[in-house]
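Engineer: Pasting in a structure now, in structure tokens, and then I'll have a few things to ask.
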Amino acid sequence: MRKIRTLRSQLIAWLAVPLLVLWSLSTVVDYDVARRFVDLAYDRQLLEAALDIGRQVKVADNRIYVDLPEVALQMLQTREIDRLYYLVTGPENEFITGEPDLPALSDPTTDRVRYYDEEYRGQLIRAVAVRVPVQPGSARGAVMIHVAERLTIRADSARQLIFGMVLPQALLVFATALAVWYGVGRGLKPLASLRQEIESRSHRDLSALPEAQAPNEVQPLIRAMNDLLARLSAALASQQRFIADAAHQLRTPLAGIKTQTELALRNAQSDEVQATLRQLHTATEQTTRLVNQLLSLARAEPGARREHATEPLDLGALARNTTTEWVPRALERNIDLGFDGPDAAVKIDGNAFLLKELLNNVLDNAIRYTQRGGQVTVRVVPDTRTVKLAVEDTGPGIPARERERVFERFYRLLGGGSEGCGLGLAIVREIAQSHGAEITLDAGPNGVGTAVQIAFPRAT
Amino acid sequence: MRILIAEDDPVLADGLTRSLRQSDYAVDCVATGDQADHVLLTQNYDLVILDLGLPRVDGFEVLRRLRHRGSKVPVLILTARDGLDDRVRGLDLGADDYLTKPFDLPELEARVRALIRRGQSGGGSILAHGALQLDTAGRRATLNGVPLDLSARELGVLEVLMHRSGRVVNKEQLAEQLYGWDEEVGANAIEVYVHRLRRKLEPAGVVIRTIRGLGYLLEKPGHAEN
């Protein structure tokens with residue numbers, strides 16, 4: 001979950017940060033451009049004004065004057081935006097009209113038009129100086145017309161312009177981020193469903209992930225994961241094959257030791273040798289049991305699972321037959337082993353071999369730990385949705401706080417005797433889980449002994 | 001009685017050979033499949049104890065060739081594998097019985113006895129259970145040599161129990177045995193026969209146990225009475 005969110009915010013970050021930087025840069029550039037256009041436009045207005053004034057320069061009686069009507073003057077001075085300042089000087093730089101203190105171009109050049117920035121009455125101004133010849137062709141020289149305006153209005157205009165451009169851009173950035181956020185979410189949906197698929201899997205399911213609906217970008221990932229899953233399950237299977245092979249290999253020498261020991265027990269004369277042989281025999285039996293359980297565990301584990309296909313089977317019949325096989329063992333220990341289940345078939349989906357192993361292990365424990373004269377009962381109880389397989393004994397029971405731990409491998413109850421190797425219930429749990437069954441451990445009827453209950457889902 | 005043991009593990013082969021010799025069987029022992037095949041081609045045996053994991057030619061192949069030649073000698077398979085497939089395959093190829101290693105020696109000896117008996121008897125034989133004897137051909141039973149007064153159905157029930165002495169016999173198996181004698185053999189009828197048998201046998205210490213929910217079991221002779 002967190003990883004996917006990180007991917008999304010990473011994408012957002014990778015998109016939003018450059019967008020914001022670009023946006024800032026573009027604001028600066030835009031402002032510059034806007035300023036330039038504003039300058040251009042305002043400069044042209046200044047020039048227009050100057051040329052207007054220039055057209056009114058008249059010469060009469062050798063006197064130069066500007067014939068500005070009152071209305072025109074007022075228009076210049078009370079413009080909507082800001083007033084204009086002007087100054088007209090004669091060829092000898094003499095004042096003709098306007099604001100006498102308006103800074104004139106310090107070095108009158110020969111250019112016809114010249115723009116310049118100055119300070120006037122404590123404010124920055126932009127001014128244009130236009131050289132207007134007094135009378136074309138005459139040598140009287142030229143009149144300089146200066147028109148100026150404060151710079152602040154240009155900044156205001158540029159600012160207005162930039163706001164008009166930058167705000168929509170900001171909105172665009174924001175909208176892009178939103179679209180990306182949503183789009184990424186949509187785009188990553190296959191990953192989210194992949195995640196769900198993986199999360200909801202049991203640890204024993206190493207089958208390939210579905211590849212079909214995933215977008216092209218995700219497919220290589222799924223393929224790589226499937227490849228890994230395949231290698232993993234192959235490795236697991238080979239490990240289990242190894243354990244199974246090892247266990248099988250051990251069986252023949254064990255059979256040899258066992259046969260020789262039993263033979264020697266028959267023939268041994270001295271009590272001491274008899275006692276030694278009996279110890280040897282017990283050890284052989286324990287080793288045999290351990291080897292068999294290792295084998296069961298290797299078989300029950302996920303990697304070996306595909307070798308054990310499930311099919312609908314009658315749990316009642318399976319439990320009855322398995323219990324029957326244990327009767328001689330139970331009688332040897334003078335334990336009353338019984339079965340209680342319906343005559344009618346009770347179907348579940350399962351693997352007969354593994355289920356038999358499961359019941360064998362539960363029964364082995366029950367018979368091993370129940371004292372002589374005790375009782376062990378196997379029950380099959382069909383319910384609406386489940387079928388319960390229960391083994392109840394009148395043994396010493398398992399303290400409530402130990403009940404979860406006994407399912408761990410090689411866990412043994414203190415004072416439980418030295419016979420068990422602690423693998424039995426681990427096998428039981430492994431097989432129960434692979435059948436989707438729920439296993440509970442309780443005290444037996446009337447609080448005596450142990451009741452192992454395994455609830456299997458009924459076959460549909 | 002001649003028995004051939006085909007087993008490549010020397011310790012196990014030696015143990016089997018000596019224990020069976022102590023029971024007065026003549027025992028030959030080979031360690032490879034091709035030897036087993038060769039010996040079986042030239043010699044006659046009453047029983048073959050065949051390990052499946054033999055070197056060179058495996059037990060399945062030895063068995064297949066043996067049956068292919070038409071030999072009916074009883075074969076007891078020994079195997080380190082307890083997978084169902086192996087068992088089914090062995091029995092399909094014509095094995096008569098099957099033991100998974102490691103096994104109890106008395107169990108093996110009991111199977112050997114049963115297989116040799118089966119191989120020999122053309123039909124009936126004498127079943128013995130401690131002081132109890134049942135002549136399956138003569139349809140009569142004796143206790144310490146004294147004939148028992150049993151009905152045909154009681155005898156039928158006793159025969160099944162003795163055949164599977166020490167193991168559970170369920171009511172269906174008993175009903176199957178009695179099928180044909182009676183049109184309908186219900187569970188209740190079987191209970192009645194067992195009850196009558198018990199009354200007649202118990203004074204002599206022969207115990208038929210009821211196994212809750214499973215059936216009946218003829219206790220092995222000499223089993224401690226608790």
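Readers should treat all values here as calculations from the given coordinates under stated rules, not as data from a laboratory. None of the values given here were measured: they were computed from a predicted structure. FYI the Cβ positions are ideal-geometry reconstructions off the backbone, even for glycines, and counts take in every protein chain you see.
Engineer: So what's the Cα pair-distance distribution over segment A:308-457, bin width 5 Å, in %?
Structural biologist: All Cα pairs, binned at 5 Å, distribute as 2, 10, 20, 24, 21, 15, 6, 2, 0 percent.
Engineer: Provide, as a two-decimal number, the C-alpha radius of gyration of chain B over 2.2 N^0.38 Å, N being how many residues it has.
Structural biologist: Numbers: Rg = 20.0 Å, N = 226, 2.2 N^0.38 = 17.3 Å.
Against the compact-globule rule of thumb, the ratio is 1.16.
Engineer: Defining a contact as two alpha carbons under 8 Å apart and six or more residues distant in sequence, what relative contact order in percent does segment A:154-307 show? Working shown, then result.
Structural biologist: On the way: 71 pairs, mean separation 37.6, N = 154.
Averaging sequence separation for qualifying contacts and normalising by length gives 24 percent for segment A:154-307.
Engineer: How do A:F353, A:F95 line up, fewest other C-beta atoms within 10 Å first? All intermediate terms of the calculation are to be shown ahead of the outcome.
Structural biologist: Numbers: A:F353 18, A:F95 12.
Least crowded to most crowded, the residues run A:F95, A:F353.
Engineer: In chain A, how many lysine pairs have Cα atoms under 20 Å apart, counting only pairs 8 or more places apart or on different chains?
Structural biologist: Values: A:K3/A:K189; A:K347/A:K356; A:K347/A:K388; A:K356/A:K388.
For chain A, qualifying lysine pairs total 4.
Engineer: Rounded to two decimal places and with Rh computed the Kirkwood way over Cα pairs, what is Rg over Rh for segment A:215-305? Please report the intermediate quantities before stating the final value.
Structural biologist: Values: Rg = 22.4 Å, Rh = 16.3 Å.
Using Cα coordinates only, the ratio equals 1.38.
Engineer: Continuing with this model, one more query. With n ≥ 4 as the cut-off for DSSP H runs, can you work out [θ] at 222 nm for the protein assembly as shown, using -39500 (n - 2.57) per run divided by the number of residues, rounded to the nearest 500?
Structural biologist: Details: 17 runs with 328 residues, N = 686.
Calculated mean residue ellipticity at 222 nm is -16500 deg cm²/dmol.
Engineer: From the convex hull of the Cα coordinates of segment A:246-367, what is the mean projected area in square nanometres?
Structural biologist: On the way: hull surface 37.6 nm².
The directionally averaged projection comes out at 9.4 nm².
Engineer: Note down the net charge around A:A224, summing +1 for each Lys or Arg and -1 for each Asp or Glu among other residues with Cβ under 13 Å from its Cβ. Write out the running numbers ahead of the final one.
Structural biologist: On the way: positive: A:R223, A:R231; negative: A:E211, A:E217, A:D227.
Residues near A:A224 contribute -1 overall.
Engineer: Where does each of B:Y25, A:Y86 land when they are ranked from fewest to most other beta-carbon atoms within 10 angstrom? Before the final figure, lay out the partial values.
Structural biologist: Numbers: B:Y25 18, A:Y86 26.
In order of increasing Cβ crowding within 10 Å: B:Y25, A:Y86.
Engineer: Chymotrypsin sites (Phe, Trp or Tyr not before Pro) within segment B:127-199: which are DSSP loop residues with at most 16 other Cβ atoms inside 10 Å? Provide the component values of the computation, followed by the final result.
Structural biologist: Numbers: sites: B:Y179, B:W181, B:Y193; in loops: B:W181.
Here the sparse-neighbourhood loop sites are B:W181.
Engineer: Quick one: divide the alpha-carbon radius of gyration of the protein assembly as shown by 2.2 N^0.38 Å and tell me what you get.
Structural biologist: Numbers: Rg = 52.6 Å, N = 686, 2.2 N^0.38 = 26.3 Å.
That ratio works out to 2.00.
Engineer: When a footprinting reagent is the concern and you count Cβ atoms within 10 Å, what order do A:T152, A:T89, A:T252 take, fewest first? Write down the numbers at each step before the final one.
Structural biologist: Details: A:T152 12, A:T89 23, A:T252 20.
Final ranking by Cβ density, sparse to dense: A:T152, A:T252, A:T89.
Engineer: Sticking with this structure for a sec: Return the whole-Å distance between the Cα centroid of segment B:84-98 and the Cα centroid of segment A:141-212.
Structural biologist: Each part's Cα centre sits 75 Å from the other's.
Engineer: Pop the C-beta distance of B:E191 and A:E325 into the FRET formula with R0 = 22 Å and round what comes out to the nearest 0.05.
Structural biologist: Computed FRET efficiency for B:E191 and A:E325: 0.40.
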